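K.L.:
Mind having a look at this structure? Questions to follow.
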Amino acid sequence: MSEFVIRGGRVLDETGERFADVAVRDGEIVAVGPDLSGGRVLDASGCVVAPGLVDLHTHLREPGKEEAETVESGSRAAALGGYTAVLAMPNTTPAIDCASVVRDVQQLARAALCQVEVSGAITVGRAGERLAPYAEMAELGVRIFTDDGAGVQDTRLMRRALEYASGLGVTLAQHCEDSALSEGTCMHEGEWSSRLGLPGQPAEAEELMVMRDIALVRMTGARMHFLHLSTAGSVAMVAAAKASGLPVTCEAAPHHFTLTDACCAGYDARFKVHPPLRTDVDVAAVRAGLADGSIDAIATDHAPHPAYEKERPFDEAPPGMLGLEYALALAITELGIDLARVLALLSWQPARIAGIADAHGGPLVAGRPANLMVFDPEATWTIDASGGASRSSNVPYAGREVRGRVRHTIHAGEPVVLNGEAQR
Ligand code: DOR
């Protein structure tokens, strides 16, 4: 295990900020204070030293689609983006819907550059017909279950899923999409879908399921997390549900606070995503929800796809875009909120939702596990089209100037990114 001091930075965590060095030994923070020494020095001058980021929504594509991403390549992208933990989505092939597949991914996760938590499917094969065996997956540490990529359409089954989950103390996370309204569509339904002649899905395809699931949470008392909210109506409904005391949380993705349906004008499938890019009004509502606390977390929905698939016609290409290496900079550049709030949305709040706050997102104090990141909030850079460490390159932000760059990432006491370079 290594020993080092992160020197000359501004420590920022949930308890506030102060100029301090951070000493790390054997995987733990051993001291936080002025003029520390011990082991090698990691330069943090001009930088913020913070708890590592936590992504609630990462597609790592293993097993089954290793040409697009692997646990290893995705975790390298995560580390470069400042993440020390990600939640792997279960829409793999086969789906992560039973103990044996959970074990396989956990095995792969041992070599990852960040902690990889595994989520399980709500239904067998994500087919929406039979409940998956949550108990055997929960025994292996799975805390979040989702059929992400599809919403659970059958209301009675969703009620049973919530009752089953609440008995086990695990959380269900819904991809809100009513397939009766979204079937056969490829973008948001509105002015741009009409102009482009592309079949659109209305905001209501998302909002009807948000509305239904809030009703089911009220009925069952079970916890629920709403994935990648994209419409003004969804944000308002979840905010009202929270205000009425229901145990709900929600997230928004970087593309839903930076891009609109107008981006689809060139029929470039890098801008195709589910839920789809929406209108200016929706983007403004997502930004406001992130600023006022209605939305709990920024989650990337990092969704790698090979170039030959993304080069297909817009209506045939798969939905999704990369996010892990850009989320922090996009939040700093675009949201106009202070850094403490940005970090709340990217680190300590998602750590709590994922159930890993014992090791991630917590305050920087002696005795805590050293899962940390160091970033320069003023460094500007231009996002390129390469896709970075990902095996895929479906980047919708290529050419965009952003501010905020990760310098070092420390996972379990080991520097996995130093001066912006992955160490393995
Ligand atoms: O755009 C998306 N892509 N949305 C999802 O919900 C799934 C994801 C994927 O797996 O590619």
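K.L.:
Looking at the structure I just gave you, is Met187 within 16 Å of the ligand (Cβ to nearest atom) and buried (at least 18 other Cβ atoms within 10 Å of the Cβ)?
P.N.:
yes
K.L.:
Quickly run through the range 321-330 and pick out the residues that are over 13 Å from the mean Cα position of the chain (by Cα) and small (Gly, Ala, Ser).
P.N.:
Ala329
K.L.:
Looking at Val210, Val248, Val238, Val217 in this structure, which one is modelled with pLDDT of 95 or more, among the β-branched types (Val, Ile, Thr) and within 16 Å of the ligand (Cβ to nearest atom)?
P.N.:
Val210
K.L.:
Still on this structure: Please tell me if Pro363 is more than 16 Å from the ligand (Cβ to nearest atom), more than 17 Å from Leu80 (Cβ to Cβ) and buried (at least 24 other Cβ atoms within 10 Å of the Cβ).
P.N.:
Criteria not met by Pro363.
K.L.:
Take the conditions of a type in the set (S, T, N, Q), over 17 Å from the mean Cα position of the chain (by Cα) and within 24 Å of Glu117 (Cβ to Cβ) and apply them to Gln349. Does it pass?
P.N.:
Spelling it out, it is not the case that Gln349 is of a type in the set (S, T, N, Q), over 17 Å from the mean Cα position of the chain (by Cα) and within 24 Å of Glu117 (Cβ to Cβ).
K.L.:
Here is a follow-up. Just give me the residues in the range 116-140 being of a type in the set (Ser, Thr, Tyr) and either without any contact (Cβ under 8 Å) to a residue 12 or more places away in the chain or more than 18 Å from Gly221 (Cβ to Cβ) (or both), in sequence order.
P.N.:
Of everything in the range 116-140, those that are of a type in the set (Ser, Thr, Tyr) and either without any contact (Cβ under 8 Å) to a residue 12 or more places away in the chain or more than 18 Å from Gly221 (Cβ to Cβ) (or both) turn out to be Ser119, Thr123.
K.L.:
Now for a different question. Which one of Gly190, Gly221, Gly200 is under 19 Å from Leu157 (Cα atoms), more than 23 Å from the chain's Cα centre (by Cα) and not hydroxyl-bearing (Ser, Thr, Tyr)?
P.N.:
From the options Gly190, Gly221, Gly200, the qualifying one is Gly221.
K.L.:
Considering only residues that are in a strand (DSSP E or B) and among the acidic types (Asp, Glu), look in the range 1-29 and name the one that is surrounded by the most Cβ atoms within 10 Å (Cβ to Cβ).
P.N.:
Step by step, filter the range 1-29, then rank; the result is Asp13.
K.L.:
Another one. Out of contact with any Pro (no Cβ under 6 Å at 6 or more places or on another chain) and crowded, with 24+ Cβ neighbours inside 10 Å, is that true of Glu325?
P.N.:
When the stated conditions are applied, Glu325 passes them.
K.L.:
Would a scan of the range 67-87 turn up a residue that is in a helix (DSSP H, G or I), within 16 Å of the ligand (Cβ to nearest atom) and over 25 Å from Asp296 (Cβ atoms)?
P.N.:
yes
K.L.:
Also: Among the listed residues Val49, Val54, Val86, Val11, which satisfies the condition of being within 18 Å of Leu113 (Cα to Cα) and touching a Phe, Trp or Tyr at 6+ places or on another chain (Cβ under 9 Å)?
P.N.:
After applying the criteria, what remains is Val54.
K.L.:
Further question on the same structure: Just to be sure I understand, how many residues within the range 272-331 are in a loop (DSSP other than H, G, I, E, B) and either of a type outside the set (Ser, Thr, Tyr) or within 16 Å of the ligand (Cβ to nearest atom) (or both)?
P.N.:
32
K.L.:
Residue under question is Leu87, and the condition is that it be in contact (Cβ under 8 Å) with a residue 24 or more places away in the chain, in contact with a Ser or Thr (Cβ under 8 Å, 6 or more places away or on another chain) and buried (at least 22 other Cβ atoms within 10 Å of the Cβ); does it hold?
P.N.:
Criteria met by Leu87.
K.L.:
Let me ask you something else. All but one of (1) outside any helix (DSSP H, G or I); (2) touching a Lys or Arg at 6+ places or on another chain (Cβ under 8 Å); (3) more than 30 Å from Ala265 (Cα to Cα) hold for Ala150; state the number of the condition that does not hold.
P.N.:
In the conditions (1) outside any helix (DSSP H, G or I); (2) touching a Lys or Arg at 6+ places or on another chain (Cβ under 8 Å); (3) more than 30 Å from Ala265 (Cα to Cα), Ala150 misses (3) alone.
K.L.:
Only residues in the range 141-161 that are of a type outside the set (Val, Ile, Thr) count as the first member; pair them with residues that are part of a loop (DSSP other than H, G, I, E, B) and away from the ligand (no atom under 16 Å from the Cβ), Cβ under 7 angstrom, at least 6 apart or cross-chain, and list the lot.
P.N.:
Sorted first by the residue in the range 141-161, then by its partner, the pairs are Arg143/Val170; Arg143/Gly355; Phe145/Val170.
K.L.:
Separate question: Hey, could you check the range 332-346 for residues that are surrounded by 19 or more Cβ atoms within 10 Å (Cβ to Cβ) and not in a loop (DSSP other than H, G, I, E, B) and say which is nearest to the chain's Cα centre (by Cα)?
P.N.:
Leu346
K.L.:
To continue, here is another question. Quick one: which helices (runs of 4 or more DSSP H) lie wholly within the range 156-263 and hold at least 1 residues that are charged (D, E, K, R) and over 22 Å from Ala285 (Cα atoms)?
P.N.:
In the range 156-263, 191-196, 203-220 are the helices (runs of 4 or more DSSP H) which contain 1 or more residues that are charged (D, E, K, R) and over 22 Å from Ala285 (Cα atoms).
K.L.:
Just to be sure I understand the filter: pairs with C-beta atoms under 7 Å, separated by 6 or more residues or on different chains, first member in the range 300-318 and among the polar types (S, T, N, Q), second member away from the ligand (no atom under 11 Å from the Cβ) and in a loop (DSSP other than H, G, I, E, B). Which pairs pass?
P.N.:
Thr300/Pro254; Thr300/Leu324
The values are calculated or read from the model by the stated rules, or taken from the named source; none is laboratory data. If you're wondering where the values come from, they're calculated on a predicted model, not measured in any experiment. Glycine also receives a Cβ, built like all others from the backbone with ideal geometry; neighbour counts cover every protein chain displayed.
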